[in-house]
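The values are calculated or read from the model by the stated rules, or taken from the named source; none is laboratory data. All figures in this text were calculated on a predicted structure; none of them were measured in a lab. Positions of Cβ are backbone-derived with ideal geometry, glycine not excepted, and every protein chain shown enters the neighbour counts. The accessibility values were calculated without ligands, DNA or RNA, using every heavy atom of the protein model including side chains. Shrake-Rupley method; radii C 1.70, N 1.55, O 1.52, S 1.80 Å.
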Amino acid sequence: HPELIPELPKDAIALEWGYEADHPFDEDGARFAAAGIPFYVCPGTSTWNTLVGRTDNATGNLLNAAENGLKHGAIGYLNTDWGDNGHWQYLPFSYLGFGYGAAVSWCLDANRDLDIARAISLHAFRDAPRTGTLGRIAFDLGNAHQELHLQLHNSIALFRVMQTPLKKIPEEFYGLTPDALKRTQRAIDRAMRPLKQAISSHPDAKLITAEFESAVAFLHHGARRALLAFEKNPAKARALKRELARDLPRLIKEYRRLWHARNRPGGFKESVALLEKLRKEYE
């Protein structure tokens, strides 16, 4: 009900949340400005419900918020980073969104075309300037989902299939194909290929590497799970199910280790329970 905006109290501050690249920060910012209501633009890192982020959406969303917040006189820029549905994404995948949001909100004209992969390699991952490897890997992993040609709101399909019953996957992800899943797996592997070349002086360098590897293991598990859901050959389906049953305990064991290496204990039981639910489907 945008027509009610002028009725808001003038000592309130409106928070204009929106996480897609095409969110109407322009239209909504104009409404708040016309009504004399102070407001923040509130984009996000696009990492939640994804495992590794949505790079192009994140940069588009963050830039859109900065441009239109500036245009309409927003008094603040609140960069958000959520943890919906178990908070399965690891912290380093938010560095790209943190970095680009900081840059365009601080000085839009100077940073609009920032090479964010190189910038986060240098400032967040402390990767050697001549390589810039870790930032590029994070950037490319966040775009690998585009090979699926299936755009979801606030999420990617490889995350969603991990939390959708096997029998419902073909119905709920209409348009997802085995060929697209295999293309995406190849894109994930291409993105990860330079990992051994990374030279980081960050105190958490080994942990970051392990987080990258675990996130990719999640993505591959999601892809194989979707392939199982679409598999019509009973023998191939049984083989895929056995493979997933062997993979899941390793996935959970490493996830447990990495969660407790960096995060508070609260929330872990609920988070890992979403993975444990998959065991029964692979029996």
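Shown in residue order for the range 108-115 are the 3J(HN,Hα) couplings computed by the Karplus curve 6.51 cos²θ - 1.76 cosθ + 1.60 at θ = phi - 60°: 4, 4, 6, 10, 3, 9, 4, 6 Hz (x for Gly and Pro).
What list of ³J(HN,Hα) values in whole Hz, one per residue of the range 193-202 in order, does the Karplus curve 6.51 cos²θ - 1.76 cosθ + 1.60 (θ = phi - 60°) give from phi, with Gly and Pro shown as x? Running phi through 6.51 cos²θ - 1.76 cosθ + 1.60 with θ = phi - 60° gives 3, x, 4, 5, 7, 5, 10, 10, 9, 5 Hz. Per residue, the chain reaches -16500 deg cm²/dmol at 222 nm when only DSSP H runs of four or more residues are counted, each adding -39500 (n - 2.57). By the compact-protein rule of thumb, 2.2 N^0.38 Å, the alpha-carbon radius of gyration of the range 181-233 corresponds to a ratio of 1.42.
Mean silhouette area of the range 11-92, derived from the convex hull of its C-alpha atoms and averaged over all directions, reads 5.5 nm².
Residue-wise HN-Hα couplings along the range 13-20, as the Karplus relation 6.51 cos²θ - 1.76 cosθ + 1.60 with θ = phi - 60° gives them from phi, are 10, 7, 10, 8, 7, x, 10, 9 Hz; Gly and Pro carry x.
Between Rg and the Kirkwood Rh of the range 149-210, both from Cα atoms, what is the Rg to Rh ratio?
With Rh from the inverse mean 1/r over Cα pairs, Rg/Rh is 1.12.
The C-alpha atoms of the range 64-178 occupy a region whose extents along the principal axes are 49, 40, 25 Å, arranged from largest to smallest. Can you tell me the 0 to 90 degree angle between the C-alpha axis of helix 234-262 and the longest principal axis of the chain, rounded to 10? Here the helix axis deviates by roughly 50 degrees. Counting protein heavy atoms only, the chain has 54 percent of its accessible area on carbon and sulfur, 1.4 angstrom probe. About its Cα centre, the chain has a charge dipole of approximately 1920 debye under the convention of +1 per Lys or Arg Cβ and -1 per Asp or Glu Cβ, with nothing else charged. Near residue 80, the amide H atoms lying under 5 Å from its own belong to 44, 45; only residues 5 or more places off or on other chains count, and H is placed 1.01 Å from N. Evaluating kT/(6 pi eta Rh) at 37 °C and 0.692 mPa s, with the Kirkwood radius of the chain over Cα pairs in the Stokes-Einstein relation, gives 163 µm² s⁻¹.
Extents of the range 133-283, taken as max minus min of Cα coordinates on every principal axis and listed largest first, are 49, 32, 30 Å.
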